[in-house]
Structure formats: C-alpha cells, structure tokens
Amino acid sequence: MILKLDNPKNFSEIINIISELVLEVRLKVNKDGMSITAIDPANVAMIVFKLPSAAFSHMEVERDEVLGVSLDSMKAVLRRVKSGSILTLTREENELKFLIQDKIRKEFNLALIDIEGEEKPIPNLEFSSKIEMNSLDFSEAIEDCSVVADSCSFTSEASKFIIRAKGSLNSFRSEFTDEVSITAENSNSKYSLEYLQKMIKATKLSEKVLINFSSDYPLRLEYKTPSLELSFILAPRVETED
Amino acid sequence: MILKLDNPKNFSEIINIISELVLEVRLKVNKDGMSITAIDPANVAMIVFKLPSAAFSHMEVERDEVLGVSLDSMKAVLRRVKSGSILTLTREENELKFLIQDKIRKEFNLALIDIEGEEKPIPNLEFSSKIEMNSLDFSEAIEDCSVVADSCSFTSEASKFIIRAKGSLNSFRSEFTDEVSITAENSNSKYSLEYLQKMIKATKLSEKVLINFSSDYPLRLEYKTPSLELSFILAPRVETED
Amino acid sequence: MILKLDNPKNFSEIINIISELVLEVRLKVNKDGMSITAIDPANVAMIVFKLPSAAFSHMEVERDEVLGVSLDSMKAVLRRVKSGSILTLTREENELKFLIQDKIRKEFNLALIDIEGEEKPIPNLEFSSKIEMNSLDFSEAIEDCSVVADSCSFTSEASKFIIRAKGSLNSFRSEFTDEVSITAENSNSKYSLEYLQKMIKATKLSEKVLINFSSDYPLRLEYKTPSLELSFILAPRVETED
C-alpha cells in the first residue's frame with residue numbers, strides 16, 4: 001500500500017477534527033481511496049470521512065487494508081508536517097509508515113492497534129428538511145447559540161431556516177431566508193451544542209454545508225468538496241420539558 | 001427605548017474592562033445617553049462610564065431606564081459582534097434585546113436582573129495634583145511596577161511626576177518631566193497595582209489619561225474622548241510601614 | 001561597572017533560555033566581557049554563555065565582578081525592554097541597575113543574591129563526532145523525536161548523521177548526509193529530549209549549530225556568532241536495556 005499526498009494539510013486538518021470526537025479509528029484503504037467511519041464513545045455522533053483515490057497524487061493498493069490507528073499519535077505526527085511537504089503513507093507489517101519529504105527526509109512509524117467492537121453500519125436516514133448554506137454563517141450561528149445554552153433548535157419552513165437557543169436566562173435567534181437554499185417541510189429538532197461545536201471545525205474544509213434533519217430525528221451535516229467528504233450524524237435531544 | 005451603535009467595538013471594549021472590576025451593573029439610559037456607576041465588591045474602586053447621546057447613530061428614550069445586567073452575559077454577547085456589524089439595543093419587558101445586523105440578522109435576549117444594594121453616589125473629590133500624559137506611557141509604567149511589587153507610588157512636584165514601586169528584593173522608578181502636563185503640589189500616594197492593571201486596559205480608548213491624586217488620598221484616572229468617558233476612582237493604600 | 005547594549009533583545013533571549021535550565025546564576029563581568037557558567041539542579045546539563053566586550057556599545061569595568069542574580073527577576077525585567085530601547089547595566093553596592101532608555105527613561109534595581117555551592121569548572125571533553133548543521137533542521141528533528149519518545153539517539157558514520165527516537169509504540173528517524181558537515185567516527189549515544197527541547201530554543205541565535213558527541217558520552221551543542229556564544233553540555237542516557 002502506497003498513498004501519496006502532495007498537500008497533506010487538509011488531511012491533517014480532518015484527522016484533528018475527527019480526533020475531537022473519537023480516540024481510535026479503523027482507517028480503510030481500497031482502490032476507491034481512504035475512508036473512516038466511527039462512532040463517538042457516548043454513541044451520540046457518527047463520523048463518515050471519504051478521501052477518494054483522486055485526492056492522492058500516487059496510490060498503489062494491492063489488497064483492501066483496515067488499519068487501526070490512535071488518532072492522538074496520528075495527530076501528533078501530522079502536526080510535524082510543514083506546508084509544502086509531501087506525505088507518503090505505506091504499511092509495513094504492523095506499522096503505518098509516514099514518510100515526510102521536504103528539505104529533510106523524515107520517517108515516523110506508528111504501531112497499528114486493535115480497535116475493539118464491531119464497526120457500526122452507516123444508518124439509512126431520510127430527511128424532511130435539507131438546507132444548504134454558507135458554512136461560515138452556520139458556524140457563527142452555532143457559536144452564537146453556545147453563548148446562551150448547551151443545546152440549540154433547528155426549525156425549517158418552506159422558505160425559512162431558524163437557528164435558536166434558549167438558556168435559563170438568555171436566548172438567541174437567527175433567521176435565514178434568501179441566503180440559504182431550502183428544501184423543507186415544517187420540521188423542528190434540538191441538538192447538542194457540545195457536539196456541533198466540534199463538527200463546525202470542518203467549516204474550513206468547504207464553503208458550503210448541507211444540513212439534513214427532520215423533527216426529533218438525527219441531523220446529518222455534510223461538508224463536501226470534489227476531493228473529500230466529511231459528514232457527521234448527530235442524535236437529536238428529545239426532551240419532555242423545555 | 002432604542003439605542004443604535006454603528007460601531008459597537010468601543011462599547012464592547014468598555015464592558016470588558018468594567019467586567020474585570022464588577023459582575024453586575026445598573027445600566028442607566030436617559031435623553032443624555034447611557035451611563036454606568038459601579039463599585040467593586042471589595043469597595044476599593046469605583047467606575048464611572050458615560051456614553052453621550054451623540055455616540056449613538058439613533059436613539060429613542062421615552063422614559064429613564066435603569067437596566068440591571070450581568071456583565072458576563074453581556075460580554076459574551078458583545079464578543080459575538082463582528083467589526084462592521086450594527087448593534088441595536090431595545091428593552092422588551094424584562095429583557096434587553098441585542099439586535100446584531102451584518103450579513104445575517106441575529107438577536108440575543110438577555111434577562112434583566114435585580115441589582116442588590118443602593119447605588120453609591122460619586123464622591124466629591126478635590127485633588128492637589130493633576131497630571132495629563134500619554135496613556136500608553138502610563139500603562140507601560142504600571143506594567144513595569146508590576147514586575148517588582150504589588151503596589152506603586154505616585155509622586156508629583158512642580159515639574160516632575162514619578163512612578164515608583166519597591167518589592168522585597170527589586171525596585172522600579174520612572175520619572176516624567178517634559179512629556180507630561182503637570183498642575184501639582186508636592187503629593188505622594190500609594191495604590192494597588194492589581195486594580196491599576198485592570199484600569200489601564202482603558203488605554204486603547206484614549207491617547208491621553210488624566211491622573212488626579214493627592215497625598216494618601218484617592219486617585220481618579222480619566223480616559224475621555226468626545227464620544228465617551230471612562231473614569232476610575234481608586235482608594236489609596238495607606239500603610240504605616242513601607 | 002557599566003555595560004551598554006544598544007540592542008538587548010538577544011541578551012534577553014539568552015537569559016530566557018538559560019532560565020529554563022537554572023534559577024540563579026553567577027554573572028561574571030571582566031574586561032573580556034560577560035559570561036555565565038551554570039549547572040542545572042539535577043546535575044545533568046551545563047550552560048556556558050559568553051558575551052564578548054565587542055557585543056557592548058560601551059563598557060567600563062574597574063575590577064572583575066561576580067554578580068549573583070535570580071534569573072526569574074532578570075527575565076521579568078528584560079521582558080519590559082522594548083525593541084529599540086537601549087539597556088545599560090551598572091552595579092551599585094548590592095544591586096544591579098537596569099537603565100532602560102527609549103522615549104521614557106526607566107530604572108529597575110535588582111537585589112544581588114548569594115549563590116550557594118562552588119562553581120564547577122567546565123569539563124575538558126574530547127569528542128569523536130562533530131556535526132555542523134542548520135540549527136533549524138536540528139531543532140525540527142528534536143521536536144519530531146519528542147512526538148514519539150522522551151529520549152533520542154544520535155548516530156554518526158563517516159558520511160551520515162542519524163537522529164532517532166523510539167517510544168513504546170511509535171518511532172522516528174531522520175538521516176542527514178549532504179546537508180551537514182561531518183567529522184566523525186562511528187558513534188552512538190542517547191540524550192534526554194526534555195533537556196534538548198530547552199536547548200534548541202537557542203536556534204534563533206545562530207543559523208548553525210555544532211553538535212559534538214561520542215558513544216555513551218556527553219553531548220556539547222554550540223551556538224556561536226561573532227558576538228556571542230551559547231553552549232550546552234548534556235550527560236548521556238546510558239541504559240542497560242533498549
């Protein structure tokens with residue numbers, strides 16, 4: 001297995017983001033590219049990451065690989081990759097080798113680890129509301145909500161998307177109409193801001209975010225570009241009181 | 001009540017500075033503008049802040065308002081105001097509404113709170129020494145003093161202003177003559193650096209600071225511009241030993 | 001004693017670096033300039049610092065001086081020196097006076113202190129390997145090693161210098177050939193990364209670093225420019241297992 005990335009900064013960024021939600025992952029490599037599917041320890045959020053073969057400047061895969069890696073170790077190694085460096089990943093027995101080539105040639109070897117538990121399949125979800133909007137505007141609204149509460153509500157109508165949060169004392173509300181593309185029925189659902197704040201770190205990957213949800217139903221946030229896909233599924237907060 | 005600020009950054013800065021000294025304040029609004037008078041919990045420092053009506057791009061006040069607000073909440077909301085945003089404050093029943101308008105329209109509602117205790121009047125002080133100097137030079141001297149001690153002395157003579165600090169091991173001294181404008185008798189007084197370090201955060205508001213004091217008597221620091229006034233009164237440290 | 005530095009930033013930087021390894025030092029001043037020799041409390045590292053008389057824009061030394069100073073105090077004072085300021089050090093009885101002249105004239109006085117213990121002589125070491133290389137490349141390799149372990153190995157051959165680290169799970173290796181100037185026998189030795197990480201802060205002082213070592217023998221790192229010398233001697237880690 002040889003995977004070569006001419007500009008590994010995005011990859012490094014994504015590993016950082018995922019490491020906020022999970023500690024260890026199965027990194028899958030096959031002819032289509034690299035992918036990670038992982039669930040956070042509290043079983044509240046799922047991460048789906050795909051880096052297609054076109055994202056690599058060079059790729060050789062003899063057989064499908066499933067590599068158990070510690071994200072903390074991987075993050076620490078990727079932090080040592082300067083911009084302008086070329087990163088080549090190879091597998092050597094029970095190690096994943098990171099060859100970093102800039103002025104100096106460096107090699108990190110990470111021990112592969114066993115990941116406990118079976119991999120959960122990606123759930124098949126149907127959403128009544130799909131909102132496409134500027135990812136930075138969405139990120140700002142999530143940060144605004146975090147000022148007043150620890151959860152927020154998404155409400156959609158035919159031509160309106162509302163993000164709201166209500167704490168014990170203070171509240172926030174922002175309404176989006178023309179700036180967003182809406183395909184929605186009337187839906188309303190509540191999500192944890194602690195998780196959303198980790199997920200919006202993907203804002204820098206893509207100018208747009210696709211927000212899929214239904215009433216009291218999971219949320220799927222999708223950050224996609226031609227060269228990568230990072231999606232998050234988040235369980236709703238269903239509360240009797242409010 | 002409608003108060004509109006086209007450039008709320010200074011207002012946000014001032015709330016930050018005041019929040020270092022007090023947790024909750026009465027925000028007073030009348031036809032002359034907005035004002036805050038507050039005393040820190042240890043009864044050592046008083047803050048006097050005035051934002052005249054001319055500082056607002058639009059202002060409507062039907063009756064005098066006294067709004068009890070938590071500075072931590074207000075600071076957190078104002079931190080979400082980007083430069084270039086327009087901020088409109090309105091009162092709606094028991095809430096203070098922050099309408100932030102930039103590309104997106106956002107609303108924060110803060111619950112008004114009861115402030116315990118009567119408001120103390122601003123003391124009528126007469127000073128024998130008045131020094132006007134560059135606010136940054138003053139701020140640097142306070143920071144210099146903090147390197148060696150936890151209090152500092154101000155000494156004035158007809159043509160000299162001296163800032164000094166003496167710790168158990170090390171000492172600092174800076175003398176100002178031509179760079180400052182002095183109207184002073186011989187005075188000497190000592191003040192807490194912990195408080196002064198919080199007050200000099202107002203340096204960015206105004207190029208000049210007016211330092212009023214007398215021997216073993218309160219200090220009044222005044223940061224004034226045509227569009228705002230932020231003053232601090234600080235009790236002296238009177239010690240028998242030195 | 002009068003020592004005048006027109007650009008005290010480097011001096012300030014060096015005191016910062018030394019303060020990471022020792023708390024108090026004897027500052028020696030004689031006609032040749034200023035020097036510090038110090039050993040860290042754990043007896044693992046020695047620092048040798050020399051600032052020749054040519055580094056001072058003005059220097060008057062009537063007799064040899066040995067000034068005991070707290071590096072924390074000195075560091076705090078030097079942090080107050082802005083770039084563009086002129087620093088003059090004088091001795092006045094039991095104090096070291098720092099006169100800082102920029103727009104404002106400031107004076108700090110630091111109490112001189114007694115340093116316990118005799119000063120250790122600089123050991124006379126003979127090295128089988130001498131590597132001269134870019135100081136930033138060396139610094140980066142040390143930081144890379146720190147990602148995987150708490151010690152690293154230096155290995156030299158006739159035309160190769162290898163820096164390696166091996167943790168319980170992960171490892172790092174970098175090989176230098178053409179980029180470095182090597183005068184070496186086959187040598188291999190292991191050193192603490194905790195100490196090396198403090199020493200490589202000297203990278204900003206000099207573009208080159210001279211790395212002297214032998215098998216299971218102390219290391220001497222030398223950062224030299226025409227106007228200063230900062231060297232470190234570090235005991236090897238000799239372990240039976242590994």
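The values are calculated or read from the model by the stated rules, or taken from the named source; none is laboratory data. Predicted, not measured: the structure shown is a model, and the values here were computed from it. Using ideal geometry, Cβ is built from the backbone for each residue, glycine included, and neighbour counts are taken over all protein chains shown. Side chains are part of the model used for accessible areas, which takes the heavy atoms of the whole protein and leaves out ligands, DNA and RNA. Shrake-Rupley method; radii C 1.70, N 1.55, O 1.52, S 1.80 Å.
For the range C:50-107, pairs of C-alpha atoms spaced more than 16 angstrom apart make up 53 percent of the total.
Relative contact order of the range A:85-210: what whole-number percent is it, with Cα pairs under 8 angstrom and at least 6 residues apart?
Reported as a whole number, the value is 23 percent.
The residues of chain A expose on average 46 square angstrom of accessible surface per residue, using a 1.4 Å probe on protein heavy atoms. For the range B:116-162, the alpha-carbon coordinates run over 38, 28, 18 Å along the three principal axes, in decreasing order. Here A:Lys120 is the anchor, and the lysines within straight C-alpha reach of less than 17 Å, apart from those fewer than 8 places off in the same chain, are A:Lys28, A:Lys50. Counting pairs of Cα atoms in the range A:192-242, how many percent are more than 13 Å apart? So the portion of pairs separated by more than 13 Å is 60 percent.
Assign unit charges at the C-beta atoms only (+1 for Lys and Arg, -1 for Asp and Glu), then state the dipole size of the range C:1-142 relative to its Cα centre in Debye, rounded to the nearest 20.
Numbers: 18 positive and 24 negative charges, 132 e Å.
The dipole magnitude comes to about 640 debye.
Each Lys and Arg adds +1 at its Cβ and each Asp and Glu adds -1 at its Cβ; summed about the Cα centre, chain A shows a dipole of about 840 debye. Would you be so kind as to list the residues of the range B:158-172 that have their accessible area lowered by at least 20 Å² in the full protein complex compared with their chain by itself (1.4 Å probe)? When all protein chains are present, B:Leu169, B:Asn170, B:Ser171, B:Phe172 each give up 20 Å² or more of accessible surface. Dipole check for the protein assembly as shown: with +1 at the C-beta of Lys and Arg, -1 at the C-beta of Asp and Glu, and the Cα centre as origin, the magnitude is about 1460 Debye.
A Förster radius of 22 Å combined with the Cβ-Cβ distance from C:Ser57 to C:Glu20 puts the calculated FRET efficiency at roughly 0.20. Between this copy and the others, label points of C:Asn43 are 5.7, 5.7 nm apart in ascending order, each placed 7 angstrom from Cα in the Cβ direction. As a ratio to 2.2 N^0.38 Å, the alpha-carbon radius of gyration for chain A is 1.09. Cysteine residues of the protein assembly as shown whose Cβ has no partner cysteine Cβ closer than 4.7 Å: none, as each one has such a partner. Averaging the sequence gap over all C-alpha pairs within less than 8 Å and six or more residues apart, then dividing by the number of residues, gives the range C:135-185 a relative contact order of 32 percent. Projecting the Cα positions of B:Gly84, B:Val209, B:Met74 onto the charge dipole of chain B (unit charges on Cβ atoms of Lys, Arg, Asp and Glu, taken about the Cα centre) puts B:Gly84 furthest along the positive direction. Ranking C:Gln197, C:Ile142, C:Ser174 by Cα position along the charge dipole of the range C:129-213, where only Lys, Arg, Asp and Glu carry charges on their C-beta atoms, puts C:Gln197 farthest toward the positive end.
For every other residue with a beta carbon closer than 9 angstrom to the beta carbon of A:Lys97, add +1 if it is Lys or Arg and -1 if Asp or Glu, then tell me the sum. Every neighbour counted, the sum reads -2.
Summarise the accessible area of the range B:129-213 (1.4 Å probe, protein heavy atoms) by the percent that is carbon and sulfur. Heavy-atom surface of the range B:129-213 belonging to carbon and sulfur, 1.4 Å probe: 43 percent.
Label-point spacing at C:Lys208 relative to the other copies reads 5.7, 5.7 nm, in ascending order, each point sitting 7 Å out from Cα along Cα→Cβ.
Contact order, relative form, for chain B: 19 percent (alpha carbon pairs under 8 Å, 6 or more residues apart, mean separation divided by residue count). Note on the range C:2-111: the C-alpha convex hull projects to 6.4 nm² when averaged across all orientations. According to the Kirkwood relation over distinct C-alpha pairs, the hydrodynamic radius of the range B:1-58 is 12.2 Å. Between A:Asn124 and B:Lys75, the modelled label-to-label distance comes to 5.3 nm, taking each label 7 Å out from Cα in the direction of the beta carbon.
Over the protein assembly as shown, the ratio between the Cα radius of gyration and 2.2 N^0.38 Å evaluates to 1.19.
Placing a label point 7 Å from Cα along the Cα-to-Cβ axis, A:Leu136 is separated from the same position in the other copies by 3.0, 3.0 nm, shortest listed first.
Could you tell me the accessible area of A:Glu132 in Å² (1.4 Å probe, neighbours in place), rounded to the nearest ten? Spelled out: A:Glu132, probe radius 1.4 Å, area about 80 Å².
Beta-bridge orientation, the protein assembly as shown: approximately 100 percent antiparallel, per DSSP, counting only bridges with both partners inside.
For B:Lys208, the aspartates and glutamates whose Cα falls under 18 Å of its own Cα, not counting residues fewer than eight places away in the same chain, are B:Glu13, B:Glu132, B:Asp137, B:Glu140, B:Glu143, B:Glu175, B:Asp178, B:Glu179, B:Glu222, B:Glu229.
Taking a 28 Å limit on the Cα-Cα distance, which of the listed pairs B:Lys160/B:Lys201; A:Lys160/A:Lys204; C:Lys106/C:Lys198; A:Lys160/B:Lys97 fall beyond it?
C:Lys106/C:Lys198
Karplus-derived 3J(HN,Hα) values for the range B:177-182, using 6.51 cos²θ - 1.76 cosθ + 1.60 with θ = phi - 60°, are 10, 5, 6, 10, 9, 10 Hz; glycine and proline are entered as x. Within the shell defined by Cβ-Cβ distances under 10 Å, the residues around C:Phe127 carry a net charge of 0, with Lys and Arg each +1 and Asp and Glu each -1. When C and A come together, around 1300 square angstrom of accessible surface is lost from both chains combined, probe 1.4 Å. Counting helices only, and only those DSSP H runs with n ≥ 4, report the 222 nm mean residue ellipticity of chain B as the sum of -39,500 (n - 2.57) divided by its residues, in deg cm²/dmol to the nearest 500. Here the helix-only value at 222 nm equals -5000 deg cm²/dmol. Per the Debye calculation on the range C:129-213 with a single equal scatterer at every Cα and no solvent contribution, log₁₀ I(q)/I(0) for q = 0.12, 0.16, 0.18, 0.20 Å⁻¹ amounts to -0.31, -0.56, -0.71, -0.88. Counting Lys and Arg as +1 and Asp and Glu as -1 over every other residue whose Cβ lies under 13 Å from the Cβ of C:Phe56, the net charge comes to 0.
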